[in-house]
Amino acid sequence: MTSPTNSANLVVVITGCDTGFGAEITEDLYNRGGYTIYATCLTDKAVEAYNARDSSRLRALQVDVTNQSDVNRLREQVEAECPQGVYAVLNNAGIYAGGFFDFSSEDSFQ
């Protein structure tokens, strides 16, 4: 039987944390304690709500995952602040173009 992973030094990046699943998983991990969470939001209102907690374990950032410069800025910040690396990325943000995945083009996924 393996022992559970100690979350004290683990970094998790979650996209799409304004509402819904992203907000729920952020809340759940935050309440579990230990994790450093980078919660990315599309709106400044959501960022302000997370930052109002004034927690060293919760870092909210405004990121549009469809904007490469936003994604690069996020990556640079995480790399600078977390030399131990990232434990998990929960990609909950994006655009769904519709249709069956099998019939979608690679450009649709980009």
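Just a yes or no: is a residue in the range 1-13 hydrophobic (A, V, I, L, M, F, W, C), more than 27 Å from Ser69 (Cβ to Cβ), open to solvent by 70 Å² or more (accessible area, probe 1.4 Å) and out of contact with any His (no Cβ under 7 Å at 6 or more places or on another chain)?
Yes: the range 1-13 contains one or more residues that are hydrophobic (A, V, I, L, M, F, W, C), more than 27 Å from Ser69 (Cβ to Cβ), open to solvent by 70 Å² or more (accessible area, probe 1.4 Å) and out of contact with any His (no Cβ under 7 Å at 6 or more places or on another chain).
Just for the range 21-42: of the residues that are assigned to a helix (DSSP H, G or I), under 13 Å from the mean Cα position of the chain (by Cα) and not charged (D, E, K, R), which one is surrounded by the most Cβ atoms within 10 Å (Cβ to Cβ)?
Top of the filtered list is Thr26.
Restricting attention to the range 69-84, report how many residues are farther than 15 Å from Ile37 by Cβ and either assigned to a helix (DSSP H, G or I) or within 14 Å of the chain's Cα centre (by Cα) (or both).
9
So that you can scan it fast, the table gives a plain yes or no per residue for (1) of a type outside the set (Lys, Arg); (2) modelled with pLDDT of 95 or more; (3) open to solvent by less than 100 Å² (accessible area, probe 1.4 Å):
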position: Asp44; (1), (2), (3): yes, yes, yes
position: Ala49; (1), (2), (3): yes, yes, yes
position: Asp70; (1), (2), (3): yes, yes, yes
position: Arg75; (1), (2), (3): no, yes, no
position: Ser104; (1), (2), (3): yes, no, yes
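So, of the residues in the range 56-68 that are assigned to a loop (DSSP other than H, G, I, E, B) and open to solvent by 30 Å² or more (accessible area, probe 1.4 Å), which turns out to be farthest from Asn92 (Cα to Cα)?
This residue is Ser56.
Quick check on my filter: what residues within the range 58-75 are among the charged types (D, E, K, R) and farther than 15 Å from Ala23 by Cα?
The answer is Asp64, Asp70, Arg73, Arg75.
The values are calculated or read from the model by the stated rules, or taken from the named source; none is laboratory data. Everything numeric in this text was worked out from a predicted model, so none of it was measured. Positions of Cβ are backbone-derived with ideal geometry, glycine not excepted, and every protein chain shown enters the neighbour counts. Calculation scope for accessible area: heavy atoms of the full protein, side chains included, ligands and nucleic acids excluded. Shrake-Rupley method; radii C 1.70, N 1.55, O 1.52, S 1.80 Å.
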